[in-house]
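Since the structure comes first, as structure tokens, the remarks are kept for the end.
None of the figures in this text is laboratory data; all of them are computed from the coordinates on show. Please read these numbers as outputs of a predicted model, since none were measured by experiment. So basically every Cβ, Gly included, is an ideal-geometry build from the backbone, and we count neighbours across all protein chains shown.
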Amino acid sequence: MTQDSDALDSLVRKRIRALRSAHGWSLDDLAARCHLSPSTLSRIETGHRRIALDQLTAIARALGTSLDQLVETADDDVVSNPSHHAARGLTQWTLREDPGVTVARMRLTDPPPDGPAALKAHPGREWFTVLSGTVVLLLGERRLRVEQGQAAEFPTMVPHAVGAVGGPAEIIGIFDREGRRTHLPGRTSDRGAPAGPAAHRPGPASA
């Protein structure tokens, strides 16, 4: 076996053990579910027995995963760097697994905009949690206070906007492609034109 295949073989065995532990199962429990003897399963987990394809398929099925997920290679790119927009108090991370999703840390200094014309709507859902301060979420006809430590999740086809109340607030939000285009600065529309003013767009960061 090559070094890479040895590493993958070891990773697969560790995955089996970790998934079994996550289910709270003993060797006997998993062995009964995948129709192997506990001793065979123990030798598979400890690397003292080669894993046949039919055994691996049965183990994956018993653990509630797929064969592809069980044998996929480890991603070397684990740590990623954010992009900063210091003037707007905004930090963004793009998920490698789903480039359409952005995680953004935003500093809000202004109250939510007044008037229905300032509310935004777009396909999808959004989620945010308040790290500090208090946030007001305008959602259709509703006005909701979201305090530090609380989170909000809502369908974005309902017109919405957020803002700070009683002082600056910081949030972390998860935005899909439509939400990112609508609310985050520095993004452009599919046609290349700058996106319009965003109801979530933070004001300048306070000193």
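So how strong a dipole does the chain carry about its Cα centre when Lys and Arg Cβ are +1 and Asp and Glu Cβ are -1, to the nearest 20 debye? List each step's numbers first, then the result.
Details: 25 positive and 24 negative charges, 58 e Å.
In debye, rounded to 20, the chain gives about 280.
Going by C-beta contacts inside 10 Å, put Thr156, Thr57 in order with the fewest on the left. Present the calculation step by step, with values, prior to reporting the outcome.
Details: Thr156 20, Thr57 14.
Ascending Cβ contact count within 10 Å gives the list Thr57, Thr156.
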**Request:** Using the Karplus curve 6.51 cos²θ - 1.76 cosθ + 1.60 with θ = phi - 60°, work out ³J(HN,Hα) for each residue of segment 134-144 in order, rounded to whole Hz, and write x for Gly and Pro.
**Result:** 10, 10, 9, 9, 8, 9, x, 8, 9, 10, 10
**Request:** May I ask for the distance between the Cα centers of segment 145-164 and segment 10-45, given as a whole number of Å?
**Result:** 43 Å
**Fill in**
When Leu53, Leu131, Leu108 are arranged by how many other beta-carbons sit within 10 Å of their Cβ, fewest first, they go Leu53, Leu131, Leu108
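Using per-residue counts of other Cβ atoms within 10 Å, averaged over each peptide, order 8-14, 101-107 from highest down. Before the final figure, lay out the partial values.
Details: 8-14: 15.0, 101-107: 20.4.
Answer by packing, highest mean first, reads 101-107, 8-14.
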**Item:** Projected label distance in nm at Val165 and Ser37, using a 7 Å step from Cα toward the beta-carbon
**Value:** 6.8 nm
**Message:** Run the simple label-point estimate for Ala121 and Gln69 please: 7 Å along Cα→C-beta, distance reported in nm.
**Reply:** 3.6 nm
**Complete:** Length gained if Ala7 through Ala86 is fully extended, taking 0.36 nm per residue and subtracting the Cα-Cα distance, is 24.3 nm
**Asked** Using the beta-carbon distance between Ser132 and Ala22 and R0 = 25 Å, what value does 1/(1 + (r/R0)^6) give for FRET efficiency, to the nearest 0.05?
**Response** 0.15
**Of Val130, Thr102, Leu119, farthest towards positive along the dipole that unit charges on Lys, Arg, Asp, Glu beta carbons give segment 96-146** = Val130
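Going by how many other beta carbons lie within 10 Å of each one, how would you line up Ile44, Ile172, fewest first?
On the way: Ile44 23, Ile172 16.
Ranking Ile44, Ile172 by Cβ neighbours within 10 Å, fewest first, gives Ile172, Ile44.
Helix-only estimate, please: 222 nm mean residue ellipticity of the chain, summing -39500 (n - 2.57) across DSSP H runs of length 4 or more and dividing by its residues, to the nearest 500. Please report the intermediate quantities before stating the final value.
Working: 6 runs with 60 residues, N = 207.
That comes out to -8500 deg cm²/dmol.
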